[in-house]
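Asker: Here it is, the structure in full.
Any read-out appearing in this document is the output of simple, stated calculations on the displayed coordinates, not a laboratory observation. For clarity, every value in this text was computed on a predicted model and none was experimentally measured. Please note: Cβ atoms are built from the backbone with ideal geometry, for glycine as well, and neighbour counts cover all protein chains shown.
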Amino acid sequence: MSKNLLGIPEFTLAEAMLSCERAWATGQIPYITGKSGIGKTAAIEALAAKHNYGLIPISLVTKESYDIAGIPDKLGNRCVFLDPTLIPLQGDTVGDVDRVVVFIDEMPEGEEATLKAIYRVINERMINDKHIHEKVVFVCSGNRQQDGANTKDLMPTVCNRMYHISIKLCYKEWIAWATSKGVAPIYRAWIAANPKFIHDYDMDKSAPAFSTPRSITNLAKYNGDRDLTDTSDLLTRSAPIQFLGPAAGMSLLSYAEAIDLPPIQDVLDNSYSFDPKALKPGSILLLGQSLISIADEKNLEAVIRVLENMPAEHMAVNAVALTNDTNVFKFVGVPVFTSFMSKHKATIKIIR
């Protein structure tokens, strides 16, 4: 946890998810704010998947008030509302889960009538005359005006009823997540070498594309493992600028062209004698991310041996990437991995 210039606490995504757990346990409603595209939605999805929670995402931008409060109907001479099916009510079947997380996203961008409908739901836990299911917990999310998002202020009475969590973007945390999702090493290493491009939005400019964790991930999906230096592949070469904008896109291409990487298998076969410090800094970063991507129980000891011989300034990135959630599950009980986690526990705490 850190503080911004106003002294307001800012959390990494991992810390924010721990805060959500405590808020739910004490009956609070977390409200997560942060820059566009930094992974708020992905973090909630990962939290739900990790604990086998049910997850109901609701984007207020695409919802009307009747989606929340129901549609009016006539009962004799009276008007009643038909209960919507979006949010489980008492008596509904929700399956064998401990919680159902109703994730209300893009909250400040909802229409006024929709906001009023959702306010009653989260504050009173009622829809019409029905109680919300006891397993339902709420988490709200939105972008801030200072981040250049087209948002508006929430009503003070609503703000005062929520627990506010401001997200601080951490490029190392994204690298760990991207490693677990199979994002190609070149994109992770580039961010490690150029952390300013983890979020490169300038609200004073009108560039249609800019670099964020979301757009970098989308670019990596689009290009896959294709070679960014292949000048005959126009689609792959132009994609970084199309996804990330000119400055970040050209930075990525320049980084890829400056890399001089030895064959990975040769590095593993000679892990005792190979000296990664002899490489250029950018190549060291890419080598580390490449080794982490292919780590398995057979080569893990050699991978860690090479990582440990890298310059100290690279170890923080390597440590959080190697100890991502997928690897923690895959290598549970493997002594060399357990020892590595213990040695670097002060570093990897940002993702635990």
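Asker: What does DSSP give for the chain in terms of the percent of beta bridges that are antiparallel, rounded to the nearest 5? The partial results should precede the final answer.
Answerer: Values: 10 of 30 bridges.
Approximately 35 percent, going by the DSSP bridge assignments.
Asker: Taking H placed 1.01 Å from N in the peptide plane, check which residues at least 5 places from residue 31 or on another chain put their amide H under 5 Å from its amide H.
Answerer: Those qualifying (amide H under 5 Å, at least 5 residues apart or on another chain) are 140, 163, 164, 165.
Asker: DSSP beta bridges in the stretch 2-167, what fraction antiparallel, as a percent rounded to 5? List each step's numbers first, then the result.
Answerer: Details: 10 of 30 bridges.
That works out to approximately 35 percent antiparallel.
Asker: Further, regarding this structure: If I histogram all Cα-Cα distances within the stretch 234-314 using bins 5 Å wide from 0, what percent of pairs lands in each bin?
Answerer: Over the stretch 234-314, the share of Cα pairs per 5 Å bin runs 3, 14, 23, 18, 14, 11, 10, 6, 0 percent.
Asker: Here is a follow-up. Could you tell me how many cubic angstrom of Cα convex hull volume the stretch 2-167 has per residue? Don't jump to the answer; show the numbers that get you there.
Answerer: Values: hull volume 19.5 nm³, N = 166.
It comes to 118 Å³ per residue, whole-number rounded.
Asker: Kindly express, to the nearest 10 degrees and within the range 0 to 90, the angle between helix 281-293's C-alpha long axis and the longest C-alpha principal axis of the chain.
Answerer: It is inclined by approximately 60 degrees.
Asker: Calculate the radius of gyration of the Cα atoms of the stretch 171-351 to one decimal place, then report Dmax, the largest Cα-Cα distance, as a whole number, both in Å.
Answerer: Reported Rg and Dmax, both Å: 16.4, 51.
Asker: Cα to Cα, under 15 Å, and not fewer than 8 places away if on the same chain: which aspartates and glutamates meet these conditions relative to residue 168?
Answerer: Candidates past the 8-residue exclusion: 10, 15, 147, 200.
Asker: Also, I was wondering about something else. If Lys and Arg each add +1 and Asp and Glu each add -1, what is the summed charge of the other residues whose beta carbon sits under 15 Å from the beta carbon of residue 87? Please list the in-between numbers first.
Answerer: Working: positive: 63, 99, 120, 125, 130, 135; negative: 64, 67, 83, 92, 105, 124, 129, 134.
Its environment carries a net charge of -2.
Asker: Now a separate question. How far, in degrees from 0 to 90, does helix 112-124 lean away from the longest principal axis of the Cα atoms of the chain, to the nearest 10?
Answerer: 90 degrees
Asker: Quick one: of 196/343; 130/349; 196/298; 40/345; 221/349, which pairs are farther than 32 Å apart, Cα to Cα?
Answerer: Over 32 Å Cα-Cα: 130/349; 196/298.
Asker: Across the stretch 213-224, in residue order, what do the Karplus-derived ³J(HN,Hα) couplings come to in whole Hz, using 6.51 cos²θ - 1.76 cosθ + 1.60 with θ = phi - 60° and x for Gly and Pro?
Answerer: Each residue's phi maps through the Karplus curve to give x, 5, 6, 5, 5, 4, 4, 4, 5, 5, 8, x Hz.
Asker: What does the chain give for Rg and for Dmax, in Å, if only its C-alpha atoms count?
Answerer: 23.3, 87
Asker: Along the Cα→Cβ direction, 7 angstrom out, place labels at residue 112 and residue 293. What is the inter-label distance in nm?
Answerer: With each label placed 7 Å out from Cα toward Cβ, I get 5.1 nm.
Asker: If you don't mind, there's one more thing I want to ask. With n ≥ 4 as the cut-off for DSSP H runs, can you work out [θ] at 222 nm for the chain, using -39500 (n - 2.57) per run divided by the number of residues, rounded to the nearest 500?
Answerer: Values: 17 runs with 158 residues, N = 352.
Helix contribution divided over all residues of the chain: -13000 deg cm²/dmol.
Asker: Here's a follow-up. Can you tell me the 0 to 90 degree angle between the C-alpha axis of helix 246-257 and the longest principal axis of the chain, rounded to 10?
Answerer: 30 degrees
Asker: Could I ask something else about it? Local charge sum around residue 242 (other residues, Cβ-Cβ under 15 Å, Lys/Arg +1, Asp/Glu -1)? Kindly include the intermediate steps, with their values, before the conclusion.
Answerer: Working: positive: 214, 221, 226, 237; negative: 200, 233.
Summing Lys/Arg as +1 and Asp/Glu as -1 gives +2.
Asker: Right, something else. Return a whole-number percent for the relative contact order of the chain, with Cα pairs under 8 Å and 6 or more residues apart as the contact set.
Answerer: Values: 533 pairs, mean separation 61.2, N = 352.
Over the chain, the number comes to 17 percent.
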